[in-house]
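Here is the structure we will look at.
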Amino acid sequence: MIKSICCIGAGYVGGPTMAIIAQKCPNIKVTVVDLNEERITAWNDKDVHNIPIYEPGLSEVVAEARGRNLFFSTEVDKAIDEAEMIFISVNTPTKTYGVGKGMAADLKYIELCARQIARVSKTNKIVVEKSTLPVRTASAIKDILDHTGNGVKFQILSNPEFLAEGTAVEDLHSPDRVLIGGDSSEDGQIAVQKLVDIYANWVPKDKILTTNVWSSELSKLTANAYLAQRVSSINALSELCEKTGADVNEVARAIGMDSRIGSKFLKASVGFGGSCFQKDILNLVYIAKSYGLNEVADYWEQVIIMNDHQKRRFAKNIISTLYNTVSGKKIAFLGWAFKKDTNDTRESAAIYVADDLLSEQANIAIFDPKVDEKQIQYDLNYLETRTNEANKNGISVFKNPYETCKDAHAIAILTEWDEFKTLDWQNIYNNMLKPAFVFDGRNLLNKKELEKIGFVYQAIGS
Ligand code: UDX
Ligand code: ADP
C-alpha cells in the first residue's frame, strides 16, 4: 500500500487531481510541489477561495484535506525524497522553437523533472506521467532515470487525466474511466496494481482500465482528437447553415438524438480552445508525419485548420457587418476564458478574435468574471502581433458587464458564462450606440428576446 505521494506541478491538472486523491484517501500523504512560489502561496492561502485555480467545488475539497494529508510546497527535492509514488503534472506546451516548432510538444519541463527525480531519489520509486505527453515519452523518462547510477529502481506508469476544466471535481469524483498504462514485466504489473488500489478507494473496479504504456499515451491524444473533431465538424456545418437558411442548433439536435452519434460536443461555437485539444492534435499530426503517414497527418490537421477558420471568420463577420470598419469603434467582449467555469485562458478563441480586431484598430472592452487584466495582456502579448504598448492601448478591462457595453457599437459573446444569460439586456441596449449589434459566438442568448429589445442579433450557424 502506498503511503506517500508527491506531485510535481500544481496547475490545472496536478492541483485538482491531488486534492481529490487526498480527499478520498485520508491515509495517504499527498504533497503537491511547484517551482512557482506565488502559485504555492495561493494554494496555501488561509481563505480557500483564493486558491489559484477556479473550479466549482474545488475550494471545499481543499478545505477538507489541506493540512490533514494534503500539502502544497516549493520544496521539490524533499517531497521527491519522501514519496513512494511521484506524479509528473508539469506543463508540456507546443514547441516555439527548433525542430517541430509549432507542432511537437516541448518536453524540456518533463526532462528537467526526470533529471531531478534521478538526482534526488535514494529509494525505489514509481513515476506516473500525468501530463498529456506524446507517445513514447515514458521511454525517454525511463532512459534518464535508469542511467543515474545510484542503484535505485524506477517503474514508469502512464495515467492520463481526462478531466475537463470547469467540471474537474465532478469528473474526478466519478470518472467515465481511469486509464493506467504500465510495463508488462512483473515489477511493472506490481506498480500498476499499486495505482489501481489508490483509485479503487472511490472508483468502481470495472471503470479502471489497464493497458500497456503506449496504448495509454495514445488513448489520451485520441480522445481529445475525437472530441475536437466533433466540434470542428459541427462548426464546418455552421457555415453551410448560415448560407442555406438551415439552423445549426436544429441540425445538432436532430443528429444528436441518433444514439450512435449522441448529443454531446455538438454545440457550434466561435471555435474550441483550451490547453489540450490543439496541442494534442498537433502532437498526433507530428507523430504521424514522423512515421511518414502523411494522409493520417493531413486528416487530423484539418480539425485545426477548421478551428482557425472558425475564429477568423467570426472576426471577419464583425468587421463586415459594422460597415467594413471597426477602426476607433468600441467592441465589447463578454468572456475571455476558453469556456465557462474556469479562469483558464489558454488558446481561448477570444484571444484570436481580439487580435484580428486590434489589427483593424478597434477598441476592445473586456469583461470576464474570473479573468483579470494582467492575464488578458499576457495572452495578447504572447502572440507578438504588435508591441505590448499597442495591445495595452487597444484594450480596456472592466469589472462589470454594463460598463463594458456602455457606448459600444457591438457586443461579442466569447465565453458561455451562465450569468450573461440573465443580464439586464434592456439596460445594456439603452446605453449602446445604435444600431446595437450582438455577435453571439456561443449561441448562448435568446434571439427572439434580443430582437424584441431592438438588437441586431447574429448567432453562429443560423
Ligand atoms: C478537454 C477534454 O474534454 C478532457 O477530457 C481532457 O482531459 C482535456 O481537454 P477541456 O479542454 O477542459 O477538456 O474542455 P472541453 O470541455 O473539452 O472543451 C474544449 C473546448 O471546446 C472549449 O473551448 C469548449 O468551449 C469547446 N466546445 C466544447 C465547443 O465549442 N462545443 C462543444 O460542443 C463542446
Ligand atoms: P496543466 O494544465 O497541465 O496542469 P499548468 O501550466 O497549469 O499545466 O501547470 C503546470 C505547473 O508545473 C506549473 O505551475 C509550473 O510552474 C510547474 N512546473 C513546471 N516544471 C516544473 C519543475 N521542474 N518542478 C516543479 N514544478 C514545475
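The values are calculated or read from the model by the stated rules, or taken from the named source; none is laboratory data. Since the structure is predicted, the reported quantities are computational estimates derived from the model, not experimental observations. Please note: Cβ atoms are built from the backbone with ideal geometry, for glycine as well, and neighbour counts cover all protein chains shown.
Sort through 84, 38, 55, 60 and tell me the only one that's on the phi < 0 side of the Ramachandran plot, out of contact with any helix residue (DSSP H, G or I) (no Cβ under 7 Å at 6 or more places or on another chain) and within 12 Å of ligand 2 (Cβ to nearest atom).
38
Using the structure shown, decide if residue 21 is in contact with an Asp or Glu (Cβ under 6 Å, 6 or more places away or on another chain) and closer than 20 Å to residue 86 by Cβ.
No; evaluated as a whole, the condition is false for this residue.
Of (1) over 30 Å from residue 59 (Cα atoms); (2) in contact (Cβ under 8 Å) with a residue 40 or more places away in the chain, residue 157 satisfies all except one. Which?
Every listed condition holds for residue 157 apart from (1).
Examine the range 293-309 for a residue that is outside any helix (DSSP H, G or I) and free of Cβ contacts under 8 Å to residues at least 60 places away in the same chain, and state whether such a residue exists.
Yes, the range 293-309 has at least one match.
Answer yes or no as to whether residue 183 is under 26 Å from residue 290 (Cα atoms), away from ligand 2 (no atom under 16 Å from the Cβ), free of Cβ contacts under 8 Å to residues at least 12 places away in the same chain and surrounded by fewer than 19 Cβ atoms within 10 Å (Cβ to Cβ).
The answer is no for residue 183.
From the set of residues in the range 395-407 that are under 17 Å from residue 357 (Cα atoms) and without any contact (Cβ under 8 Å) to a residue 40 or more places away in the chain, which is surrounded by the most Cβ atoms within 10 Å (Cβ to Cβ)?
Filtering the range 395-407 for residues that are under 17 Å from residue 357 (Cα atoms) and without any contact (Cβ under 8 Å) to a residue 40 or more places away in the chain, the one surrounded by the most Cβ atoms within 10 Å (Cβ to Cβ) comes out as 397.
Taking the stated definitions as given, is residue 192 in a helix (DSSP H, G or I), more than 16 Å from ligand 2 (Cβ to nearest atom), over 28 Å from residue 297 (Cα atoms) and modelled with pLDDT of 90 or more?
Against the criterion (in a helix (DSSP H, G or I), more than 16 Å from ligand 2 (Cβ to nearest atom), over 28 Å from residue 297 (Cα atoms) and modelled with pLDDT of 90 or more), residue 192 qualifies.
Applying the selection to the range 1-19, what residues are more than 14 Å from ligand 2 (Cβ to nearest atom) and aliphatic (A, V, I, L, M)?
Those that are more than 14 Å from ligand 2 (Cβ to nearest atom) and aliphatic (A, V, I, L, M): 1, 2, 5.
Filter the range 408-453 for residues that are buried (at least 20 other Cβ atoms within 10 Å of the Cβ) and of a type in the set (Asp, Glu); which is farthest from the chain's Cα centre (by Cα)?
Ranking the candidates gives 440 first.
Might you check whether a residue that is within 16 Å of residue 267 (Cβ to Cβ), within 16 Å of ligand 1 (Cβ to nearest atom) and either touching a residue at least 60 places away in the same chain (Cβ under 8 Å) or touching a Ser or Thr at 6+ places or on another chain (Cβ under 9 Å) (or both) occurs anywhere in the range 432-439?
no
Scanning the range 250-288 for residues that are at pLDDT 95 or above, within 30 Å of residue 98 (Cα to Cα) and assigned to a loop (DSSP other than H, G, I, E, B), which turns out nearest to ligand 2 (Cβ to nearest atom)?
Step by step, filter the range 250-288, then rank; the result is 274.
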